[in-house]
Amino acid sequence: MTGIETRKSFHQQLDEVREEIIGLAATLVDAIPRGTAALLDSDLEAADYMIRADDEYDARSIDIEERCYELLALQQPMAGDLRKIVAALRIVSDLERSADLVANICKAARRLHGHAIDAKLRGIIERMSEQAQHLVRTALDAYAEGDAALAGAIDDMDNMLDDLQREFVVAIFESHDTNRIDLQVAVQLALVCRFYERIGDHAVNVGERVRYIVTGWVPEHAGATRFRLGEQSRAAEPEPASEAEEG
């Protein structure tokens, strides 16, 4: 195989990895409302199905990671191609963890079975689910289209999910005061809202990796720059005089 053919095969494999990640993300987009429905409908059969499905998601994630490692080892990519593979590994990890969180929501559905969730709490859960799904879908679109501007907007969009989490926690306390909600139920519900909030955080991470692919920028660069500037500033400061010199 000639060098040109080898490079063509490499880029074809890169495209295949990208398509597999898009498919993985699309599965997650569909899973979020299904997990929410299992919770709110107290549907144990649906919850069990979603929990079992997480094993398949893990297997698909591992397959993609192994393909990435193989490309790194055999092709020794440079510049933009290297960024695509490194980012792909991070993105797959965030998607897999988000899928775990959906499974956790379904496990909470089993723990909450037989306990009624009042209307206000149900409404906030539905809104959190919709916003988490929206964030993951936006991250998927940004990755599929290589859209750095869209990817950068995800962090601001995540603020709405953070606000909903705080609203939900307040509503739990109000429900405990007025409806005497069981403490263990309250704890489980607090965990559920945390699961949605974490899905949003992982979507933000995916957006940051998309920006890295397109521009080479990662948020850690800002902190590293501040640290280096601080180090340079401290190094430039004159040393304090010793006691002997002062005397």
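At-a-glance table
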quantity	calculated
Failed item, numbered, when L161 is tested on (1) free of Cβ contacts under 8 Å to residues at least 40 places away in the same chain; (2) of a type outside the set (F, W, Y); (3) loosely packed, with under 15 Cβ neighbours inside 10 Å; (4) touching a Leu at 6+ places or on another chain (Cβ under 9 Å)	(3)
Total residues in the stretch 16-28, condition surrounded by fewer than 19 Cβ atoms within 10 Å (Cβ to Cβ) and of a type in the set (V, I, T)	2
Residues being without any contact (Cβ under 8 Å) to a residue 40 or more places away in the chain and surrounded by 19 or more Cβ atoms within 10 Å (Cβ to Cβ) - total across the stretch 35-69	1
Count - residues of the stretch 102-113 that are in contact with a Phe, Trp or Tyr (Cβ under 6 Å, 6 or more places away or on another chain) and surrounded by fewer than 24 Cβ atoms within 10 Å (Cβ to Cβ)	1
S233 being surrounded by 15 or more Cβ atoms within 10 Å (Cβ to Cβ), over 26 Å from S93 (Cβ atoms) and at pLDDT below 90	no
Residue that is surrounded by the fewest Cβ atoms within 10 Å (Cβ to Cβ) [pool: residues in the stretch 70-84 that are closer than 13 Å to S9 by Cα and of a type in the set (A, V, I, L, M, F, W, C)]	L74
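Yes/no per residue for (1) within 14 Å of L95 (Cβ to Cβ); (2) of a type outside the set (S, T, N, Q); (3) touching a His at 6+ places or on another chain (Cβ under 9 Å); (4) part of a helix (DSSP H, G or I):
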site: F10; (1), (2), (3), (4): no, yes, no, yes
site: E20; (1), (2), (3), (4): yes, yes, no, yes
site: G23; (1), (2), (3), (4): yes, yes, no, yes
site: L39; (1), (2), (3), (4): no, yes, no, yes
site: S42; (1), (2), (3), (4): no, no, yes, no
site: E45; (1), (2), (3), (4): no, yes, no, yes
site: D58; (1), (2), (3), (4): yes, yes, no, yes
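The values are calculated or read from the model by the stated rules, or taken from the named source; none is laboratory data. In this text the structure is predicted, and so the values were computed from the model without any measurement. Cβ sites come from the backbone with ideal geometry, for glycine too, and all protein chains shown count toward neighbours.
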